[in-house]
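Just so it is clear, none of the values below were taken in a lab; they were calculated from the coordinates. These numbers come from a predicted model, not from an experiment. Note: ideal-geometry Cβ built from the backbone for every residue, glycine included; neighbour counts use all protein chains shown.
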Amino acid sequence: MEEIDQHGNKLISLTRCGLDELAGVAPLTHSLVVCQRGDEVLFVFNNWRQCWELPGGVIESGETPEACARRELLEESGQTPASLEFVGVMAWRLGKEQRLEYGALFSCLLEADAKVIDSEEIGATRFWNLHDDIGIVSQLDVSLAKRVLTL
């Protein structure tokens with residue numbers, strides 16, 4: 001299942017499991033969220049990486065993966081979903097050194113009339129159908145979104 005992006009980052013696997021099974025997994029460094037609205041998925045434009053990607057970020061000390069997902073989603077898009085569903089654990093090889101990292105993947109449904117706002121870190125937000133040309137997009141995040149849509 002390994003996939004590689006234009007920077008050499010590798011998505012090694014997405015393992016479905018329950019939150020109660022995370023104790024045996026190496027420390028999780030980040031959380032990502034696939035937010036669906038109809039047949040579209042929320043993507044944010046990261047000003048630092050200059051590409052569209054799923055909302056998410058680094059898990060802070062003492063923070064749970066779900067709390068991180070909620071915080072990042074609010075900070076990056078202004079969204080506060082009623083509930084988040086834990087999808088599973090992502091395994092990555094990142095950077096030039098190909099360091100191994102694990103992250104939590106969540107999904108949620110958003111109301112059709114949910115408003116999306118820009119934040120300081122994020123240049124723009126949009127719901128996207130995963131097909132139309134919107135510029136540079138993290139293909140690994142597109143792959144994750146497609147997997148969630150087929151669950």
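The figures follow:
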| item | result |
| --- | --- |
| Within a Gaussian network of the chain (alpha carbon springs, distance under 10 Å), most fluctuating of SER61, SER13, SER138 | SER61 |
| Unit charges on C-beta of K, R, D, E only; dipole of segment 23-151, Debye | 400 |
| Chymotrypsin sites (Phe, Trp or Tyr not before Pro) within segment 35-116: DSSP coil, no more than 15 neighbouring Cβ in 10 Å | TRP48 |
| Residues of segment 1-40 with amide N under 11 Å of the 7 Å Cα→Cβ point at LEU100 | 26-27 |
| Label-to-label distance, nm, for residues given as GLN6 and TRP48 (7 Å Cα→Cβ offset) | 1.9 |
| Normalised contact order of the chain, rounded percent, pairs of Cα under 8 Å and 6 or more residues apart | 33 |
| Orientation-averaged projected area, Cα convex hull of the chain (nm²) | 8.8 |
